[in-house]
Amino acid sequence: MSETVEISFVCLGNICRSPLAQGLFQDLVKREKLGHKIIISSAGTSAWHVGDLPDQRMRQTAQSKGIQLRSRARQFQRKDFSRFDLVLAMDESNLSNLEEIAPKNLPEDKLMLFRSFDPESNGDLNVPDPYYGGAKGFEAVYQMVERTCPSLLDYIKANLLDSS
Ligand code: 4NP
């Protein structure tokens, strides 16, 4: 348990799924007045979009619900595993890319699938990549991420954050 917790959401490009998770989780944490205790960022396993704003379609979907996405894409680095208390992979491919660069002695609860916290996962633990699809895919990603954030926050409060 510690006074502050630093977490990162990770997808492939860091322009669709993980920036949305960052924006939605930041909004929830702010509403719960925990912004000074939970530090949130996101990254991609690839360097393809480094420096870019989130994809216009993802920003538009979030904006239509009152959420602004303003992060800039960065690539996840091996050394980031020591900086973060919790790294959340958006799908199983992102997870295996992260496992490839993770230190051998990484505590097993430091790297998890984001949807392992989804109360409606029904065994599917992937947030599907919406990049090559249509608007419906972005909306589906939004719904999945939105409903998963509260149970992720409950987990962090119960397991990582000092409540005093
Ligand atoms: P993300 O989506 O991993 O959710 O950011 C993607 C963004 C870009 C690409 C693939 C997925 N791409 O091929 O450039």
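No lab work stands behind these numbers, since they all come straight from the coordinates. The structure presented is a predicted model; accordingly, all values stated were derived computationally and were not measured. Cβ placement follows ideal geometry from the backbone for every residue including glycine, while neighbour counts extend to all protein chains displayed.
Here are the numbers for the structure shown:
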| quantity | calculated |
| --- | --- |
| Added length on full extension, which subtracts the Cα-Cα distance from 0.36 nm per residue, S82 to Y155 | 24.3 nm |
| D (Stokes-Einstein, µm²/s), Kirkwood Cα radius, region 5-159, 1.002 mPa s at 20 °C | 140 µm²/s |
| Helical segments meeting 15 Å axial Cα length and Kyte-Doolittle 1.6 threshold in the chain (DSSP H) | none |
| Highest average packing first - 9-20, 36-47, Cβ atoms within 10 Å | 9-20, 36-47 |
| Relative contact order for the chain, counting Cα pairs under 8 Å that sit 6 or more residues apart, in percent | 29 percent |
| Helix-only [θ]222 nm of the chain, DSSP H runs n ≥ 4, -39500 (n - 2.57) each, per residue, nearest 500 | -12000 deg cm²/dmol |
| Cα gyration tensor category, rounded, prolate or oblate, for region 86-157 with a/c compared to 1.5 | oblate |
